[in-house]
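Working notes, structure below.
The values are calculated or read from the model by the stated rules, or taken from the named source; none is laboratory data. Please read these numbers as outputs of a predicted model, since none were measured by experiment. Here the Cβ positions follow ideal geometry from the backbone for every residue, glycine too, while neighbour counts run over all protein chains shown. We work out accessible area using only protein heavy atoms, side chains counted, and drop any ligands, DNA or RNA first. Shrake-Rupley method; radii C 1.70, N 1.55, O 1.52, S 1.80 Å.
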Amino acid sequence: GTGFTGTGQVGGGTLSVNGNFGNANFVVDPGGTLGGAGTVGDTNVNGGTLAPGNSIDTLTVNGDISFTAASVYEVEVNAAGESDLLQATGTATLGGAAVEVIAESGVYRPLTDYTILTADGGVSGTFGSVETNLAFLDPSLIYSADAVTLRLVRNDLDFSAMGRTPNQVAVGNLIESLGFGNVLYDETLSLVVDDVAVSFASLTGEVYPAYGAALIETAEVLRRQTADAAQGEGGFAWATGLYNSV
């Protein structure tokens, strides 16, 4: 239980809730921030900021959480894959609010997914924007029926530098030219770095010569096809066909 019931209005400064205030409702107005690692009741972020945790931690809503478009959901993450989490027992109405990601410095994997919100009663709507404080991380949001996942992708990677032979370097350059959102590029991002050269080798037919020979008679053919592959659909068609065949 809690000694506080009714509605708590957060209109200025930061209120860190680290105990059980599950019987109390909260409204976070412009200029106010609600944080902490405790439990609150129904919460409406009405132009203010919700920032779970005291550093990286979980804030629990015993009930429903809602955001307005002028509101901010501030999420702290680190390179180890840990993040703030907002978990609600009821519904989450996202309302077009902005997500601001505070990423701690560190060596981030090429692609990292973080669960930043769960709602047992379901997620309604989407956030309006997502930004990070680190220029080399590109953020995006993935929505499911009852959760929101933050995906951080490094944009400073040099795929060709992961190749160990001229063929692998050529494949790396081609894949990198396809860009994030392309299935082949995204698959490459998800690989552990040690596996990238092996995968590039499979693309060039170096690991499976019986299959590769049917596609690429010589390394020179690969280099010529790579050099001639157009940006966009041409390169995509060539690389996708090669990828799916090995």
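The table below gives the values:
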| read-out | value |
| --- | --- |
| nm² value of the averaged projected area, convex hull over the Cα atoms of the stretch 43-135 | 5.7 nm² |
| Nearest-10 value in Å² for the accessible area of Phe180, using the 1.4 Å probe | 100 Å² |
| The stretch 41-46 - phi-based ³J(HN,Hα) in whole Hz, Karplus 6.51/-1.76/1.60, Gly and Pro as x | x, 3, 10, 10, 8, 10 |
| Kirkwood Rh in Å, taken over the stretch 1-81 so that all alpha-carbon pairs contribute | 12.4 Å |
| Cβ-based net charge around Asn62, under 11 Å, with every Lys or Arg adding one and every Asp or Glu removing one | -3 |
| Estimated FRET transfer efficiency when R0 is 51 angstrom, pair Asn20-Phe180 (beta carbons, to 0.05) | 0.75 |
| GluC sites (Glu not before Pro) within the stretch 36-106: DSSP coil, no more than 15 neighbouring Cβ in 10 Å | Glu82, Glu104 |
| Net charge of Cβ neighbours under 14 Å - reference Val40; Lys, Arg +1; Asp, Glu -1 | -3 |
